[in-house]
Amino acid sequence: MNDEPIIKFDKVIKRFGDLTVLRELDFTVKKGEKVSIIGPSGSGKSTVLRILMTLEGIDGGIVSVGGEPLWHEKGADGALVPASEAHLHKMRAQLGMVFQQFNLFPHMTVLRNITEAPVKVLGLSRKEARERGEELLELVGLADQAGKYPHQLSGGQQQRVGIARALAMRPSILLFDEPTSALDPELVGEVLNVIGKLAEEHDLTMLLVTHEMRFAREVSDRVCFFDQGRIREEGSPEELFTDPSEERTREFLQAILD
Amino acid sequence: MLFGYEWDLSSPLAFAISILPILWIGLTVTIQATVLGFLVALGLGLVWAVLKAAPSRLISWPAKVITEFIRDTPLIVQLFFLYYVLPEYGIVLPAFLTGALGLGIQYSAYTSEVYRAGIEAVGPDQREAARALNFTPAHTFTHVVVPQAIPRIVPSMGNYLVSIMKDVPVLSVVTVLEVLNVAKIVGDRTFSYLVPLTMVGALYLIMTLVASAGVRLLDTWLPKQGIPLK
């Protein structure tokens, strides 16, 4: 495992109007690391993922992915200038995202949802993309659902398609934005199983925003507790869940575990 | 006699049958004006919709003002303007073209709103998913937004097709010989209006029913599986 961080937030500021969501956030993730982000709503957890996926810009600081600035690029004189769409397009190839509401394309079959981007963006042939798509459906346990449309599947199945779709782009970093929050309780397990399997068997770097504390504890190398736009506390799951040093962390865990 | 066809006034039925070929000529003009006007409305409406959605206000604002102006002025005024004012500036358009263009321009203001609503109904979550998968904006538009917008757009466009058809008689004010105008001339010459005008009504009923059925057929045939239409 390379010790150079694959993700680095350096004093990152993000505002929505008058509301400051990230206050000079410093945050690093090493290659292959599985990091869970927990914290109260509005603490900026999801914003971190959305900035990485280039769905939200930043108002200050530097975000680096793979050692290269994400929202900046080197201008003609070597100074950093705001990133062009071409730079973002190039950088985005390293990242994949699984959304809370799945965000599948409703007019495409399950297989088409997975193969569309590899064909149109990576330039794979339809046949290659199809074979790869079928492998991925196998991986998420939906090999027999390839020809169905998203609305014919349960929420848990839809989310597993969402995971397969993100994996089809072969990202080195996979972002999970509360992947089980929109699911009925009995469907949460099947999605967590898939994510757990990925975490175990692949050297993907994974960033998981979640309210599933037990799962975060099982699957992650490190847990970060976000509060008011900063990391209030971070550590191994053992440390953070059994013996948090901050009062605020203790309060939060108590409230959510009750 | 009109267009070389004689009429037979011996009985209402004989009269009706004898003027059918005459009305048919008017009807073809009505259909042509409807089709051309509809195509202009579809094409120009899309242009307005794209301009109105432009990020620069320098572009979106004039487009909004123009479409609002078109919507808020009567079709007949626009037709008079195109037919009687433009020639003063050296632009002389044939009556049929003036009428069809006028109709198309008027309805483009309405269709642009249909396009806008259809495109906006495709939520930001779809655009975000497309962006996360690194689709280009053009590919997102053609493969994610448009296929989901079309099933939402088609029914409203069908309604406007029928509206345009029913507005074609207004073109008679700029001397277009569409079916109502032809029927009126027949009435003027024979002093018998009941039969020709009733026939126009009946012919219109048939045309609008056929057009509505066609749109419904297109709507059921369109792939829209899983697209949330409400």
Study note, to complete from the structure: With only helices counted (DSSP H, runs n ≥ 4, each -39500 (n - 2.57)), the per-residue ellipticity at 222 nm for the protein assembly as shown, to the nearest 500, works out to -17000 deg cm²/dmol
Point to revise | Label-point separation, B:Phe69 to B:Leu222 (7 Å along Cα→Cβ), nm | key: 3.2 nm
Practice item. For the range A:12-52 and the range B:78-155, compute the distance between their C-alpha centroids and round to whole Å. Key: 41 Å
Study note, to complete from the structure: Highest GNM mean-square fluctuation among B:Thr198, B:Thr208, B:Thr111, for chain B with Cα springs under 10 Å, belongs to B:Thr198
Point to revise | Dipole in debye (nearest 20) - chain A, about Cα centre, beta carbon charges: Lys, Arg +1; Asp, Glu -1 | key: 960 debye
**Study point:** At most 15 other Cβ within 10 Å, DSSP loop - chymotrypsin sites (Phe, Trp or Tyr not before Pro), the range B:1-61
**Key:** B:Phe3
Practice item. Report the accessible area of A:Met206, computed with a 1.4 Å probe over the heavy atoms of all protein chains in place, in Å² rounded to the nearest 10. Key: 10 Å²
Point to revise | For A:Ile13, net neighbour charge (Lys/Arg +1, Asp/Glu -1) across residues whose Cβ lies under 13 Å away | key: 0
Check your understanding: Relative contact order, percent, of chain B when contacts are C-alpha pairs under 8 Å separated by at least 6 residues?
Key -> 26 percent
Check your understanding: Between A:Leu124 and residues 5 or more places away or on another chain, which pairs have amide H atoms under 5 Å apart, with H built 1.01 Å from N, and which residues are they?
Key -> A:Val119
**Study point:** Rg and Dmax of the protein assembly as shown, Cα atoms only, in Å
**Key:** 31.4, 106
Practice item. Could you point to the residue in B:Ile206, B:Val154, B:Ser60 farthest towards the positive end of chain B's charge dipole, with +1 and -1 charges on the Cβ of Lys/Arg and Asp/Glu respectively? Key: B:Ser60
Exercise for review: Keeping all protein chains in place, calculate the accessible area per residue for the protein assembly as shown (probe 1.4 angstrom), answer in Å².
Suggested key: 48 Å²
Check your understanding: Rounded, prolate or oblate: which fits chain B when a ≥ b ≥ c are the square roots of the eigenvalues of the alpha-carbon gyration tensor, with rounded for a/c under 1.5 and prolate only if a/b beats b/c?
Key -> oblate
Practice item. For the range A:195-258 and the range A:77-131, compute the distance between their C-alpha centroids and round to whole Å. Key: 28 Å
Study note, to complete from the structure: So, over other residues within a Cβ distance under 14 Å of A:Val188, counting Lys, Arg +1 and Asp, Glu -1, the net charge is -4
Review point. Mind checking the dipole of the protein assembly as shown: about its Cα centre, +1 per Lys or Arg Cβ, -1 per Asp or Glu Cβ, Debye to the nearest 20?
Key: 1420 debye
Study note, to complete from the structure: Residue-ordered couplings for the range A:58-73, obtained by feeding phi - 60° into the Karplus form 6.51 cos²θ - 1.76 cosθ + 1.60 and rounding to whole Hz (Gly and Pro as x), are 10, 10, x, x, 10, 10, 10, 10, x, x, 10, x, 8, 9, 9, 9
Point to revise | Accessible area buried at the A-B interface, both sides summed, 1.4 Å probe (Å², nearest 100) | key: 2100 Å²
Check your understanding: Considering only DSSP beta bridges whose two residues both sit in the protein assembly as shown, what percent are antiparallel, to the nearest 5?
Key -> 60 percent
Check your understanding: Magnitude of the Cβ-charge dipole of chain B, K/R +1 and D/E -1, about the Cα centre, nearest 20 debye?
Key -> 680 debye
Point to revise | Summed side-chain charge close to A:Ser236 - residues other than A:Ser236 whose Cβ falls under 14 Å, Lys, Arg +1, Asp, Glu -1 | key: -4
Exercise for review: Heavy atoms only, probe 1.4 Å: what % of the accessible area of the protein assembly as shown goes to carbon and sulfur, would you let me know?
Suggested key: 59 percent
**Study point:** Simple label model, 7 Å out from Cα along Cβ direction - B:Leu20 to B:Phe80, nm
**Key:** 3.9 nm
Practice item. Could you work out how far apart the two model spin labels at A:Ala182 and A:His89 are, taking each label as a point 7 Å from the Cα in the direction of the beta carbon, and quote it in nm? Key: 2.8 nm
Point to revise | Shielded residues, the range A:96-116 - accessible-area loss of 50 Å² or more between chain alone and all protein chains, probe 1.4 Å | key: A:Asn103, A:Phe105, A:Pro106, A:His107
**Study point:** Relative contact order of chain A, pairs being alpha-carbon contacts under 8 Å that are 6 or more residues apart, as %
**Key:** 25 percent
Exercise for review: List every DSSP H helix in chain B whose Cα atoms extend 24 Å or more along the helix's own long axis and whose mean Kyte-Doolittle hydropathy is at least 0.0.
Suggested key: B:12-52, B:95-120, B:146-167, B:194-221
Practice item. Specify which residue in the list A:Met213, A:Phe241, A:Phe27 is farthest towards the positive end of the charge dipole of chain A, using unit charges on the beta carbon of Lys, Arg (+1) and Asp, Glu (-1), about the Cα centre. Key: A:Phe27
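The values are calculated or read from the model by the stated rules, or taken from the named source; none is laboratory data. On a predicted model such as this, the values are computed, not experimentally measured, just so you know. So basically every Cβ, Gly included, is an ideal-geometry build from the backbone, and we count neighbours across all protein chains shown. What goes into the accessible areas is simple: the full protein's heavy atoms, side chains included, and nothing from ligands, DNA or RNA. Shrake-Rupley method; radii C 1.70, N 1.55, O 1.52, S 1.80 Å.
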